[in-house]
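Colleague: Could you have a look at this structure, given as structure tokens, before my questions?
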Amino acid sequence: MLVVSLLPTIASASPADVSEVAPGVFVHIGQVAEASAANAGDTSNWGFVVGERCVAVIDTGGSAATGSALREAVRAHTDRPVCAIVITHGHPDHLLGLAAVAEGGIAAGELAVRQLAHQRLAAAVAARTPAYRTLAQRQLGLAGPPQIIVPGERVDGEVMLDLGGRQLRLQTWKTAHTDHDLTVYDSQTRTLFAGDLLFVTHLPVVDGNLSGWLAQTPALRQLGSLRTIPGHGPVVKGDGWQAQTEYLSGLRHAVREALKQRVPLQHAVEAVPAPDGWQLTEVYHRRNVTAAYAELEWEDGD
Ligand SMILES: [Zn+2]
């Protein structure tokens, strides 16, 4: 019976599944899981937006397999060329498909493919490239370490991407989930690709700055999107930020209390309770407490 119950999870791993969540906006929802050979790195969301002239891809999944599946999905839904690939941040589960996407000729036609990311992405990825390659090889069960490439065009502030009759607004943010988060907004359908600035179902992961993330959230909410594609978990309609905000502010409060009472880090990791209602809590909550502790230890007392 156990084996039978596991089958649907594996069977649903096909990364080519996309749904059109708004006219011309296609999204693939990855599994809420850590990368493994079984899921082939299909553990984050990616999508593409089709304009009259060309297509923009947003994120690429966590492996060459997800990159190839993305390419197939684009070809299955449009014959327009890809003119831009946008990476929301440099974590491997969003970036490792890029080499396969960029190599695969989805840019057929005379348009040049722009590859864009936050101006700080390249440095952030460079600092971790050996670790990312080793980790991905082990998690995905690859024969050798995967190729990692980064977008060459650096965004600082806002950039408008014209897909023909449709403009996407790329926007960089101050340090939050990482120090190089970037969002993509389609004003035509009021759809926001939030990258990992928004987690749904999957416990949020702090790799940038907890207070920064909380500080950026009101502005993200005020974009007024009708639907938001998180980096992980299902698409949300309306305002989907409340649960994440509660987790992050609860984490900050609990860690500040531990610091006030001079609880050492190794005890704080045990003492700050993991919240209910999230997945992968056992993988990420202690890490978040550790990151928050290091960050908040040096803030001015209030
Ligand atoms: Zn991430």
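Colleague: Every residue in the stretch 195-234 that is β-branched (Val, Ile, Thr) and either on the phi < 0 side of the Ramachandran plot or within 10 Å of the ligand (Cβ to nearest atom) (or both), please.
Modeller: Within the stretch 195-234, Val200, Val205, Val206, Thr217, Thr228, Ile229 meet the criteria.
Colleague: Of all helices (runs of 4 or more DSSP H) completely enclosed by the stretch 190-302, which ones contain at least 1 residues that are in contact with a Lys or Arg (Cβ under 8 Å, 6 or more places away or on another chain) and surrounded by fewer than 19 Cβ atoms within 10 Å (Cβ to Cβ)?
Modeller: Once the helices (runs of 4 or more DSSP H) in the stretch 190-302 are filtered for at least 1 residues that are in contact with a Lys or Arg (Cβ under 8 Å, 6 or more places away or on another chain) and surrounded by fewer than 19 Cβ atoms within 10 Å (Cβ to Cβ), what remains is 210-221, 265-271, 281-296.
Colleague: Of all residues being free of Cβ contacts under 8 Å to residues at least 40 places away in the same chain and of a type outside the set (Val, Ile, Thr) in the stretch 165-187, which is nearest to Cys54 (Cα to Cα)? Just the residue, please.
Modeller: Once the filter is applied, the top-ranked residue is Gln167.
Matching residues to (1) at pLDDT 95 or above; (2) in a helix (DSSP H, G or I):
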residue: Gly109; (1), (2): no, no
residue: Ala117; (1), (2): yes, no
residue: Ala124; (1), (2): yes, yes
residue: Pro130; (1), (2): yes, yes
residue: Leu135; (1), (2): yes, yes
residue: Gln139; (1), (2): yes, yes
residue: Val150; (1), (2): yes, no
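The values are calculated or read from the model by the stated rules, or taken from the named source; none is laboratory data. All figures in this text were calculated on a predicted structure; none of them were measured in a lab. Positions of Cβ are backbone-derived with ideal geometry, glycine not excepted, and every protein chain shown enters the neighbour counts.
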